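Asks: One structure, pasted below without further comment.
Throughout, read-outs are computed from the coordinates displayed, never taken from laboratory work. Since the structure is predicted, the reported quantities are computational estimates derived from the model, not experimental observations. Backbone-built Cβ (ideal geometry, glycine too); neighbour counts: all protein chains shown.
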Amino acid sequence: MTVHIINKSSHSLPNYETIASAGMDIKANLTDPVVLEPMERKIIPTGLFMELPVGIEAQVRPRSGLAIKKGVTVLNAPGTIDADYRGEVGVILINLSKENFEIQNGDRIAQMVLAKYEQATWNEVDVLSETSRGAGGFGSTGVK
C-alpha cells in the first residue's frame, strides 16, 4: 500500500523497525521541550500530514516502553486518523506517573498501525441469534 505523506518535521518518516513490525514509531516535532506534569495531558505535534486510502485508518497507540518505564501513554488509545483527515497528526499524551516527564524534539512518543476497516450497514431486528455465551461479558469467562 502506498500512502501520500507530507513531512514538515526535521525527522525521518515513520518506519518499521523490523521485518515483522506492525507499528511505526512517531516522533515529536517541537521547537521547545514540553513538560507533562503528573496527570497532565497535551497534544504533541508530529509535523506529519497524510492522505490515507479509503478503507484504511491509522491507529495511534502507546509505546510499551514509554508506558512501563515512564507512565506516559496515549490518552485516547488507539486514536484514529480517518482517511479523509488532512490535518497534522497530533498525539494526545498523558502522564500517569508521579513525576514530571519532559518530551524533546525527535522523541519517539507513540506508534502508528495502519489497518483496514469496513463501514457497516445496520439491519435492525427484534431478536438476535442464540450462542452458548449469550449476554455473558465483563469477566464472565473467568480468569483461568
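Asks: Gaussian network model of the chain, Cα springs within a sub-10 Å range: biggest mean-square fluctuation belongs to which of 83, 120, 22?
Replies: Sorting by GNM fluctuation, first place goes to 120.
Asks: Taking residue 42 as the anchor, which lysines have their alpha carbon closer than 23 Å to its alpha carbon, excluding any fewer than eight residues away along the same chain?
Replies: Answer for residue 42, where 23 Å is the Cα cut-off: 8, 27, 69, 70, 98, listed by chain and number.
Asks: If you don't mind, another one. Rounded to the nearest 500, what is the 222 nm mean residue ellipticity of the chain from helices alone, with -39500 (n - 2.57) per DSSP H run of 4+ residues and division by all residues?
Replies: -1000 deg cm²/dmol
Asks: Which residues make up the longest stretch of the chain that has no chymotrypsin sites (Phe, Trp or Tyr not before Pro) in a DSSP loop with at most 13 other Cβ atoms within 10 Å?
Replies: 17-116
Asks: Here's a follow-up. List the residues whose amide H sits under 5 Å from the amide H of residue 72, counting only those 5 or more places along or on another chain, with H placed 1.01 Å from N in the peptide plane.
Replies: 67, 96
Asks: For the chain, what class follows from the C-alpha gyration tensor (a ≥ b ≥ c being the square roots of its eigenvalues): rounded when a/c is under 1.5, otherwise prolate if a/b is larger than b/c, else oblate?
Replies: Oblate, because a/c is 1.5 or more while a/b does not exceed b/c.
Asks: Enumerate the calculated ³J(HN,Hα) couplings along the stretch 61-67 in order (Karplus 6.51 cos²θ - 1.76 cosθ + 1.60, θ = phi - 60°), each rounded to whole Hz, writing x wherever the residue is Gly or Pro.
Replies: Computed from phi, the couplings for the stretch 61-67 are 10, x, 8, 4, x, 5, 5 Hz.
Asks: For the chain, modelled as a Gaussian network with Cα springs under 10 Å, which listed residue fluctuates most, 20, 110, 58?
Replies: Evaluated over the chain, the most mobile residue of the options is 20.
Asks: Residue by residue through the stretch 50-59, which ³J(HN,Hα) values in whole Hz follow from phi under the Karplus form 6.51 cos²θ - 1.76 cosθ + 1.60 (θ = phi - 60°), with glycine and proline marked x?
Replies: 10, 10, 7, x, 4, x, 10, 10, 9, 9
Asks: Using a 7 Å offset from Cα along Cα-Cβ at residue 75, what residues in the stretch 25-64 end up with backbone N under 16 Å from the label point?
Replies: Backbone N within reach: 34-46, 60-62.
Asks: Amide H neighbours of residue 110 under 5 Å, at least 5 residues apart or on other chains, H built in the peptide plane: list them.
Replies: Here the answer is 26, since their amide H atoms fall under 5 Å of that of residue 110.
Asks: Enumerate the calculated ³J(HN,Hα) couplings along the stretch 132-144 in order (Karplus 6.51 cos²θ - 1.76 cosθ + 1.60, θ = phi - 60°), each rounded to whole Hz, writing x wherever the residue is Gly or Pro.
Replies: My calculation for the stretch 132-144 gives 5, 6, x, 8, x, x, 6, x, 5, 8, x, 9, 10 Hz in order.
Asks: Of the residues 23, 134, 90, which exhibits the maximal mean-square fluctuation in a Gaussian network model of the chain defined by a 10 Å Cα contact cut-off?
Replies: Comparing 23, 134, 90 in the GNM, the peak value goes to 134.
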